[in-house]
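Peer 1: I am attaching a structure below and will ask some questions about it afterwards.
The values are calculated or read from the model by the stated rules, or taken from the named source; none is laboratory data. Treat the numbers as computed from the prediction; the structure is a model and nothing was measured. Quick reminder, even Gly has a Cβ in these numbers, built from the backbone with ideal geometry, and neighbours come from all protein chains shown. For the accessible areas, the whole protein counts, side chains as well, though only heavy atoms, and no ligand, DNA or RNA atoms are used. Shrake-Rupley method; radii C 1.70, N 1.55, O 1.52, S 1.80 Å.
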Amino acid sequence: MFRRRFRACRCVTCITPNHDIPYGVNEGNDFCQQELDPKQNPVAHCWSEQTHHKRKFCNVCRKRLEDSSLSSHCEICEYFVHAECQDFALADCKENATYLPGKELSLVHHEHHWREGNLPNGSKCAACKKVCGSFECLSGFRCEWCGLTSHAVCRKTVSSLYPECQFGNLQPIYLPPHAVSIPRTEVPMEAIIGVQVRRKETLSPRSTSEEFSSGECKYRENEDYVHSREKKDKEDRDEECIKVYDGNNSIKRRIFRTITVSRLATTEHILTQALRAFHITKDPSSFYLTDLYATNEMLLSDPSPVQSLTRREGKRPAVFLRFHDSNSGEVRVYPGKLQVSQPFCTIQVNAESTITDLIREALIKFGLENLRPEDFRLSEILLDRGVTERVLGREEKPWDIMKALSKDSIRQMELMRFYLQMKEDPHGPNLALFVGNLPPSLSQKTYETILIDFLGRENKFSSIGPIYYEYGSMVITYADAKKAVRALYTLRESSYEEKQLLVMLLPNIEPRMVPGGVKPLLVFVNVKSGGCQGLELITSFRKLLNPYQVFDLDNGGPLPGLYVFRHIKDYKILVCGGDGTIGWVLQCLDNVGQDSECSSPPCAIVPLGTGNDLARVLRWGPGYTGGEDPLNLLRDVIDAEEIRLDRWTVVFHPEDKGGEDKATQHNSTGSTSEEVSSVMVMNNYFGIGIDADLCLDFHNAREENPNKFNSRLHNKSVYVKMGLRKMVGRKMCKDLQREIRLEVDGKLVDLPPVEGIIILNILSWGSGANPWGVEKEEQFQKPNHWDGMLEVVGVTGVVHLGQIQSGMRSAMRIAQGGHIKIHIHADMPVQVDGEPWVQAPCDVVVLKSALKATMLKKMKGKMKRRNTEPFMQQGAVGQGAAALSIPVVTETTDNVNHNNEF
């Protein structure tokens, strides 16, 4: 017997909530219109690129997202839509910034944020403990914050069992929404959190209808194709397909919806279908239809409205949905952040009513009649493909606003709300913009002059600072949100010295609202590392955590995130990238530590680079493959233990050549510079000779073709080929012991015949090899990365490097100490933490740095041992490398360009 499938309906217009109705009912244009919970503030979704989603369902029409059709999902919450349904998505994304001045932490209460359907595999109801997810229909509910799941019929029970959301297992590292504030402006969500939405048009100020229009070709006029297809269909059924326009804007932009009705349908039926197509829930008697192609838009009327429609050759008939022009009506006013019990109030207005009258009447209905209307303001909020807010003038007339919207778009009129708010901005007077990509090391006055030239005096900022001189970036602050938005758009379209400026609107965190025992996690993701794994991770972390605690390093580097977290006394950092990315974050921490409450937050790692040596030492694994559950990664961060990492200062003093040839000093572009001392910070190791030579060849190859170096396997294969060439080519580093002089702790060390030396701070090098070895020698202490000692080893050539990499041999132990001095007599390749260059003759001093680094080490027993990459020897190139003992990799940096970070 055929078994009917059922689904739960949550449409607020249904007589009985959560009742079961047969699956397949109310599909297509007939699906129920879902309304935003009046208790929630509208929050815009942050849409991804259109792509293909498997085994997911549309949260609007409830149909399956077919593999062959394009669809989108929200980058912040589990909301999925067909491309054609995106216009009708509810603006009910997670509200991740709810800070309210004057409210005590003890009074904060978080209700669950329920989302229907698309539950994780194996989800079980928190009430009845039975499986509540389904791959056959949109069913079950999940809290977007804590991850609690339930059946539709069990949701009330779950809410009574767990009345307050505690953010689940991630509560110890979750940045609570009540500690974050961000003003509601016309700036889209993706521009605030840094999501790189790939659009052809440049982001710029414009009208709401233009900014959030769909423009899908499905609804644009393509008469020849549509008409020919429908002509055949009409032969089989007695129906008519009619275009419906909802306002002047839809006419101008030629965007419409279609309805299919019987040729004998009445005017009332056609009107009902037209309202349903645009999801209009107001009283149908307030609307009427006109024949679009008729002279003077003739009113559609019975007895035969369909047959009387004017037809043009090659086009189907069209109607215009209009709003009755009356002198009075009713509007809804929502309380926003005001602490009242009513979700909204309904107020009768007429042509003479003003915003002042509406505020006064709303205060009475909300039970706040004792408060002064002068202390409040009313905002117009549009929910069309986003959320935009406009503060209304006191003398504006609400009914005129409604009628004007109805002429442009009845759909927009349906999505417009009046929100009552305190006149004083609850988010505070200061709005911060991060500005980057300016030349480094200029004076404050010069930076101010450059910015004012772009902005003009009318949009000048209130203050500037801090300024990150080394990176050519800074924070500017505005007291007026409108000025800040104008400045954001102006600077985003500006460039200086052929570099596009980078501008971000930053949220604000109130540290006193972070509960005791909570150490918020600041997440940095290098999306260029590990192929596309960085993009997958940043999406997952934004859904699991507060998106305002997740930052894309490709959009401003670490500095914006460190600025946002500067007032938090105790927090953690998670760096998703390779060893180069970790060094980058630690370097920025050094620059901002003195201005922050927490100068040395502990750092955990998700390894996305090529070598990932520091991640291996700290037990975070050899490389993220995409198979690990991001939720488990965050749980490991919570359980990790804090340890200290020694850091070392490497100083290069060039030889004094009396004004002759300039020394080739290192900078981030690899070019030559003046004969001045340069200083670097070393976290992992420092190499001179053959390993630095291989690293330099790889670096140059990647600079020439950066797009090819997007996978670990390819990177390692390149190293193998370079190693083979080094074996038969000219040996630049032969007899290295004659070209350098080594002193350790003030004692001269005799070097054996070597082609390279490596100074180790950690016992991992070249993708997990241990050059120091495990053997014990009485003359050396057992090394680690917090003992204040460095280990010096030597390698005899490329074959020796390969044997070290394969674990067949160790390097030659040379010395161990806390202060190292090296004199280089000739040009020599060197590398510090994987950054290579050719160094001219100089003195090199390596000494303990005053800079601190606290790292997070994964707890024992939690590290899953797995082969993260194909074994190189399985390939033809790998077989040659194995026979010749070629090193697979000696480089540990990932795809980071330190000179052009912003």
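Peer 1: Checking the condition outside any loop (DSSP other than H, G, I, E, B), of a type in the set (D, E, K, R) and modelled with pLDDT under 90, which residue from E240, E297, E268 passes?
Peer 2: Working: E297 fails: outside any loop (DSSP other than H, G, I, E, B); E268 fails: modelled with pLDDT under 90.
After ruling out the rest, the residue left standing is E240.
Peer 1: Output the strands (runs of 3 or more DSSP E) that fall wholly within segment 312-419 and possess 3 or more residues being open to solvent by 20 Å² or more (accessible area, probe 1.4 Å), closer than 22 Å to H45 by Cα and touching a helix residue (DSSP H, G or I) at 6+ places or on another chain (Cβ under 9 Å), or say none. Full working, then the answer.
Peer 2: Details: elements: 318-323, 328-334, 345-350, 376-382, 388-391.
Strands (runs of 3 or more DSSP E) meeting the threshold: none at all.
Peer 1: I'd like the full set of residues that are assigned to a loop (DSSP other than H, G, I, E, B), under 30 Å from F565 (Cα atoms) and open to solvent by less than 10 Å² (accessible area, probe 1.4 Å), limited to segment 126-181.
Peer 2: If the condition is that a residue be assigned to a loop (DSSP other than H, G, I, E, B), under 30 Å from F565 (Cα atoms) and open to solvent by less than 10 Å² (accessible area, probe 1.4 Å), then E144, C165, Y174, L175, P176 are the ones that fit.
Peer 1: As an exercise: evaluate T539 against (1) assigned to a helix (DSSP H, G or I); (2) at pLDDT 90 or above and give the number of the one condition it does not meet.
Peer 2: (2)
Peer 1: Continuing with this model, one more query. Which number in (1) open to solvent by less than 10 Å² (accessible area, probe 1.4 Å); (2) in a strand (DSSP E or B) marks the one condition that T260 misses?
Peer 2: It fails just one condition, (1).
Peer 1: Give the residues of segment 53-100 that are surrounded by fewer than 22 Cβ atoms within 10 Å (Cβ to Cβ), touching a Leu at 6+ places or on another chain (Cβ under 6 Å) and over 21 Å from R542 (Cβ atoms), sorted by residue number.
Peer 2: A83
Peer 1: Same structure again: Report, by residue number, each residue of segment 758-770 that is out of contact with any Lys or Arg (no Cβ under 9 Å at 6 or more places or on another chain), in a loop (DSSP other than H, G, I, E, B) and open to solvent by less than 10 Å² (accessible area, probe 1.4 Å).
Peer 2: The answer is G766, and nothing else.
Peer 1: Just give me the residues in segment 501-534 being small (G, A, S) and surrounded by fewer than 18 Cβ atoms within 10 Å (Cβ to Cβ), in sequence order. Full working, then the answer.
Peer 2: First, the residues of segment 501-534 that are small (G, A, S): 516-517, 529-531, 534.
Residues satisfying the conditions are G516, G517, G531.
Peer 1: Identify, from the list E498, E458, E448, the residue that is acidic (D, E) and crowded, with 16+ Cβ neighbours inside 10 Å. Outline the logic, then answer.
Peer 2: Details: E498 fails: crowded, with 16+ Cβ neighbours inside 10 Å; E458 fails: crowded, with 16+ Cβ neighbours inside 10 Å.
Of E498, E458, E448, the one residue that is acidic (D, E) and crowded, with 16+ Cβ neighbours inside 10 Å is E448.
Peer 1: In the set L562, L574, which member is within 20 Å of L614 (Cβ to Cβ) and either assigned to a helix (DSSP H, G or I) or touching a His at 6+ places or on another chain (Cβ under 6 Å) (or both)?
Peer 2: Working: L574 fails: either assigned to a helix (DSSP H, G or I) or touching a His at 6+ places or on another chain (Cβ under 6 Å) (or both).
Of L562, L574, the one residue that is within 20 Å of L614 (Cβ to Cβ) and either assigned to a helix (DSSP H, G or I) or touching a His at 6+ places or on another chain (Cβ under 6 Å) (or both) is L562.
Peer 1: Quick one: in segment 601-620, of everything that is modelled with pLDDT of 90 or more and assigned to a loop (DSSP other than H, G, I, E, B), which residue is most open to solvent (accessible area, probe 1.4 Å)?
Peer 2: Across segment 601-620, the extreme among qualifying residues is R619.
Peer 1: Given the criterion modelled with pLDDT of 80 or more and either out of contact with any Leu (no Cβ under 6 Å at 6 or more places or on another chain) or open to solvent by 10 Å² or more (accessible area, probe 1.4 Å) (or both), identify the matching residue among G834, G878.
Peer 2: Values: G878 fails: modelled with pLDDT of 80 or more.
Exactly one residue qualifies, and that residue is G834.
Peer 1: In segment 535-571, which residue that is surrounded by 24 or more Cβ atoms within 10 Å (Cβ to Cβ) and polar (S, T, N, Q) is nearest to Q594 (Cα to Cα)?
Peer 2: Q549
Peer 1: Residues in segment 461-486 that are surrounded by 18 or more Cβ atoms within 10 Å (Cβ to Cβ) and part of a strand (DSSP E or B): how many? Show your work before the answer.
Peer 2: Here is the first cut: in segment 461-486, the ones surrounded by 18 or more Cβ atoms within 10 Å (Cβ to Cβ) are 461, 467-468, 471-476, 478, 481, 484-485.
Within this subset, residues satisfying the condition of being part of a strand (DSSP E or B) are 467-468, 473-476, 478.
Residues that pass the stated criteria total 7.
Peer 1: Name the residue, out of V131, V81, that is modelled with pLDDT of 90 or more and either under 24 Å from the mean Cα position of the chain (by Cα) or of a type in the set (S, T, Y) (or both). It would help to see each step written out before you state the result.
Peer 2: On the way: V131 fails: either under 24 Å from the mean Cα position of the chain (by Cα) or of a type in the set (S, T, Y) (or both).
Only one candidate qualifies: V81.
Peer 1: Give me the residue from segment 86-103 that is outside any loop (DSSP other than H, G, I, E, B) and of a type in the set (D, E) and, out of that set, nearest to N546 (Cα to Cα).
Peer 2: Just the residues of segment 86-103 that are outside any loop (DSSP other than H, G, I, E, B), to begin with: 86-88, 92.
Those left that are additionally of a type in the set (D, E): 87, 92.
Working: D87: 25, D92: 15 Å.
So, considering only residues that are outside any loop (DSSP other than H, G, I, E, B) and of a type in the set (D, E), the one nearest to N546 (Cα to Cα) is D92.
Peer 1: Condition first: touching a strand residue (DSSP E or B) at 6+ places or on another chain (Cβ under 7 Å), of a type in the set (D, E) and in contact (Cβ under 8 Å) with a residue 40 or more places away in the chain. Can you find one or more residues in segment 536-544 that meet it?
Peer 2: Of segment 536-544, the ones touching a strand residue (DSSP E or B) at 6+ places or on another chain (Cβ under 7 Å) are 537-538, 541-542.
From the residues that got through so far, the ones that are of a type in the set (D, E) too are none.
No: zero hits.
Peer 1: Now for a different question. Specify which of the listed residues (D735, D787, D745, D750) is closer than 22 Å to P829 by Cβ and surrounded by fewer than 19 Cβ atoms within 10 Å (Cβ to Cβ).
Peer 2: Every option except D735 fails the conditions.
Peer 1: Residue pairs, Cβ under 7 Å, 6 or more apart or interchain, first in segment 612-627 and charged (D, E, K, R), second open to solvent by 10 Å² or more (accessible area, probe 1.4 Å) and not in a loop (DSSP other than H, G, I, E, B). List them.
Peer 2: D613/D579; R619/K857
Peer 1: Mind checking which residues of segment 104-118 are open to solvent by 20 Å² or more (accessible area, probe 1.4 Å) and either farther than 20 Å from D92 by Cα or part of a loop (DSSP other than H, G, I, E, B) (or both)?
Peer 2: Residues of segment 104-118 that are open to solvent by 20 Å² or more (accessible area, probe 1.4 Å), as a first pass: 104-109, 111-112, 114.
Matches in segment 104-118: E104, L105, S106, L107, V108, H109, E111, H112.
Peer 1: If we scan segment 267-285, do we find a residue that is of a type in the set (S, T, Y), in contact (Cβ under 8 Å) with a residue 40 or more places away in the chain and open to solvent by 60 Å² or more (accessible area, probe 1.4 Å)?
Peer 2: Step one: filter segment 267-285 for residues of a type in the set (S, T, Y), giving 267, 272, 281, 285.
Of the ones still in play, those that are also in contact (Cβ under 8 Å) with a residue 40 or more places away in the chain are 281.
Pick out the ones that are also open to solvent by 60 Å² or more (accessible area, probe 1.4 Å) and you get 281.
Yes, there is a match, as at least one residue in segment 267-285 is of a type in the set (S, T, Y), in contact (Cβ under 8 Å) with a residue 40 or more places away in the chain and open to solvent by 60 Å² or more (accessible area, probe 1.4 Å).
Peer 1: Would segment 577-586 turn up any residue that is farther than 18 Å from K852 by Cα and either surrounded by 24 or more Cβ atoms within 10 Å (Cβ to Cβ) or touching a Pro at 6+ places or on another chain (Cβ under 7 Å) (or both)? Steps first, answer last, please.
Peer 2: Of the residues in segment 577-586, the ones farther than 18 Å from K852 by Cα are 577-578.
In the following step, the residues that additionally are either surrounded by 24 or more Cβ atoms within 10 Å (Cβ to Cβ) or touching a Pro at 6+ places or on another chain (Cβ under 7 Å) (or both) were identified as 577-578.
Yes: one or more hits.
Peer 1: Still on this structure: Name the single residue, out of those in segment 353-383 being among the hydrophobic types (A, V, I, L, M, F, W, C) and farther than 25 Å from I410 by Cβ, that is nearest to the chain's Cα centre (by Cα). Let's see the steps before the verdict.
Peer 2: Restricting attention to segment 353-383, the residues satisfying the condition of being among the hydrophobic types (A, V, I, L, M, F, W, C) are 355, 358-359, 362-364, 366, 368, 371, 376, 378, 381-383.
Subsequent filtering for residues that are farther than 25 Å from I410 by Cβ retains 359, 363-364, 366, 368, 371, 376.
On the way: I359: 38, L363: 39, I364: 42, F366: 38, L368: 40, L371: 41, F376: 35 Å.
Once the filter is applied, the top-ranked residue is F376.
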